[in-house]
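Undergrad: Sharing a structure below in structure tokens format, with a few things to ask.
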């Protein structure tokens, strides 16, 4: 994201805060109203088209809602309120304001993209809303040490470390980084560069923003002259697919390692033969023999007739995390729930034995790697 766009976003958030829409009154009222009524309300703002097309995130949310409501919590059902933020900052601000003013709402799960989620987190923080973030790995999310914000996904640093360690194991010595122009891409690229250095890999170039065939060709010629061994990607879809497709026109055998931004259900379908050989870091492995994962996978397959994938798990666990905190504290107070989760003892979940540190960052998740071989993902030991 360019500097002007960042300033614009911060100005919008500041206007809402200065207008008096967001103040301590909302947080105080939420402490009184949260959980009142027949339902426990949880907001889920997502870019709806992207989430449905590329992930099973909402199916994971739906499955968690169904599981919890079978037994209920203190006789109450949870009510998931899914709203389309369109991946648009202004729309997301409007939704955050709407959610914040609903003082019966206990928590929000989202937003999806870091350029939206990070600045908007201040709105939820000021409104006293528990915010569980399952998709934004950028460490900027937790650097302000917000009280109500929990990062329910492994950090960029951990993902970058696994990517770089794998590159080192393969004997790659010279790497190039290609990243998207967003806070996600820029911060992840920085983390990759740091971790590559720790693994004795030289970063010979960094690039972003390629659009035309001429630009791709110029960058490829430069990288070839620099004798690169591997391309390290900090991208989301669909930009990731575009880059791989165009780059493989020039180097069909390029070694490509991506962060989990490309770990989407339709990756191979979208790229076809160009997906071959691409390595992706992920927090999910179907071969993990955890009983919690086996049980979840069975229920998911029975309901949806397909494999869950990482984003279904992220959606499922985010809802279950909130329900777990309510059950353990017997409270609907966002302040009590956030405090409990930060101090929570290790908890057995679908994806691992997790806890949160004092900054609200998740700990305990494993990182796996998988490679596309003959149109299928093969997990790497």
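The values are calculated or read from the model by the stated rules, or taken from the named source; none is laboratory data. Keep in mind that this is a model prediction, so the values were computed, not measured. Quick reminder, even Gly has a Cβ in these numbers, built from the backbone with ideal geometry, and neighbours come from all protein chains shown.
Undergrad: Output the strands (runs of 3 or more DSSP E) that fall wholly within the stretch 31-148 and possess 1 or more residues being under 17 Å from the mean Cα position of the chain (by Cα) and either closer than 21 Å to residue 361 by Cβ or without any contact (Cβ under 8 Å) to a residue 24 or more places away in the chain (or both), or say none. Can you show your working first?
TA: Details: elements: 39-46, 77-84, 105-109, 130-133.
Once the strands (runs of 3 or more DSSP E) in the stretch 31-148 are filtered for at least 1 residues that are under 17 Å from the mean Cα position of the chain (by Cα) and either closer than 21 Å to residue 361 by Cβ or without any contact (Cβ under 8 Å) to a residue 24 or more places away in the chain (or both), what remains is 105-109, 130-133.
Undergrad: Exactly one of these conditions fails for residue 146: (1) touching a helix residue (DSSP H, G or I) at 6+ places or on another chain (Cβ under 7 Å); (2) crowded, with 22+ Cβ neighbours inside 10 Å; (3) farther than 17 Å from residue 284 by Cα. Give me its number.
TA: Here residue 146 meets the rest and fails (2).
Undergrad: Okay, moving on. Could you list, in sequence order, the residues of the stretch 30-40 that are within 12 Å of residue 334 (Cα to Cα) and surrounded by fewer than 24 Cβ atoms within 10 Å (Cβ to Cβ)?
TA: 31, 32, 33, 35
Undergrad: Among 271, 233, which is at pLDDT 95 or above and outside any helix (DSSP H, G or I)?
TA: 233
Undergrad: If residue 45 satisfies all but one of (1) farther than 20 Å from residue 319 by Cα; (2) modelled with pLDDT of 55 or more, what's the number of the condition it fails?
TA: It fails just one condition, (1).
Undergrad: Just give me the residues in the stretch 331-380 being farther than 23 Å from residue 316 by Cβ, in a loop (DSSP other than H, G, I, E, B) and in contact with a strand residue (DSSP E or B) (Cβ under 9 Å, 6 or more places away or on another chain), in sequence order.
TA: 333, 359
Undergrad: So, one more: Inspect all residues belonging to the stretch 256-268 and state whether any of them is more than 21 Å from residue 192 (Cβ to Cβ), assigned by TED's automatic domain parsing to the domain that holds residue 195, surrounded by fewer than 23 Cβ atoms within 10 Å (Cβ to Cβ) and touching a strand residue (DSSP E or B) at 6+ places or on another chain (Cβ under 8 Å). Steps first, please.
TA: Start the filter on the stretch 256-268 by keeping residues that are more than 21 Å from residue 192 (Cβ to Cβ), which leaves 265-266, 268.
Applying the additional criterion that residues be assigned by TED's automatic domain parsing to the domain that holds residue 195 yields 265-266, 268.
Filter once more, keeping what is surrounded by fewer than 23 Cβ atoms within 10 Å (Cβ to Cβ): 265-266, 268.
Checking which are touching a strand residue (DSSP E or B) at 6+ places or on another chain (Cβ under 8 Å) leaves us with 268.
Looking through the stretch 256-268, at least one residue is more than 21 Å from residue 192 (Cβ to Cβ), assigned by TED's automatic domain parsing to the domain that holds residue 195, surrounded by fewer than 23 Cβ atoms within 10 Å (Cβ to Cβ) and touching a strand residue (DSSP E or B) at 6+ places or on another chain (Cβ under 8 Å).
Undergrad: Still on this structure: Among (1) in a loop (DSSP other than H, G, I, E, B); (2) in contact (Cβ under 8 Å) with a residue 12 or more places away in the chain, which single condition is residue 211 missing?
TA: Looking at each condition in turn, residue 211 falls short on (2).
Undergrad: Among the listed residues 139, 119, 134, identify the single one that is closer than 29 Å to residue 239 by Cα, surrounded by fewer than 21 Cβ atoms within 10 Å (Cβ to Cβ), in the same structural domain as residue 307 (by TED's automatic domain parsing) and in contact with a helix residue (DSSP H, G or I) (Cβ under 9 Å, 6 or more places away or on another chain).
TA: 139
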